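Visitor: A single structure is presented below for examination.
The values are calculated or read from the model by the stated rules, or taken from the named source; none is laboratory data. The model shown is predicted, which means the values in this text are computed figures rather than measured ones. So basically every Cβ, Gly included, is an ideal-geometry build from the backbone, and we count neighbours across all protein chains shown. For accessibility, only protein heavy atoms count, side chains too; no ligands or nucleic acids. Shrake-Rupley method; radii C 1.70, N 1.55, O 1.52, S 1.80 Å.
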Amino acid sequence: MRKTCSVAAVLAAFTTLMVTAPASAASGRVVVFETEFTELTVYQDPKGCKKLPAAAHVLVNDTDDTVRIYGDPFCLTPALEVAPNHGSHVAPGSGSFSA
């Protein structure tokens, strides 16, 4: 009984934090390079989970916040973090990013 109450208390606290946490957008832009034959894809002040273009090759984080690259289109898998003013190659099949 005590263990069940502890788990319930932790889950309640986590839910409260997730609901009340402010969702602020990163200020700046994320730029994605695909190929030499396509224009850059630019996300201005990105907020939330964004699906990457299918041929994404390089992501540049030109924001004031850390960007996370995920292997799925829903930002659910473990992520690679890209610091502000840095870039990263995007692995084939990477599905999304969040800021």
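Visitor: Classify segment 56-99 as rounded, prolate or oblate from the Cα gyration tensor: take a ≥ b ≥ c as the square roots of its eigenvalues, call it rounded if a/c is under 1.5, otherwise prolate when a/b beats b/c and oblate if not.
Guide: oblate
Visitor: Starting from the Cα gyration tensor of segment 35-86, take the square roots of the eigenvalues, sort them a ≥ b ≥ c, and report rounded, prolate or oblate (rounded when a/c is under 1.5, otherwise prolate if a/b is larger than b/c, else oblate).
Guide: Cα axes put segment 35-86 in the oblate bin.
Visitor: Given a 1.4 Å probe and the protein chains all in place, what does the accessible area of residue 35 round to, in Å² to the nearest 10?
Guide: About 50 Å², ignoring ligands and nucleic acids.
Visitor: Tell me the accessible surface of residue 74 in square angstrom (1.4 angstrom probe, heavy atoms of protein chains only), to the nearest ten.
Guide: Here the accessible area works out near 140 Å².
Visitor: Let me ask something else about it. What is the spin-label model distance, in nm, from residue 31 to residue 44 if the labels are put 7 Å beyond Cα along the C-beta direction?
Guide: 1.5
Visitor: Still on this structure, I have one more. Using only the alpha-carbon atoms, what does segment 22-65 span along each of its principal axes? Please give whole angstrom values in decreasing order.
Guide: Over segment 22-65, Cα extents along the principal axes are 38, 17, 12 Å.
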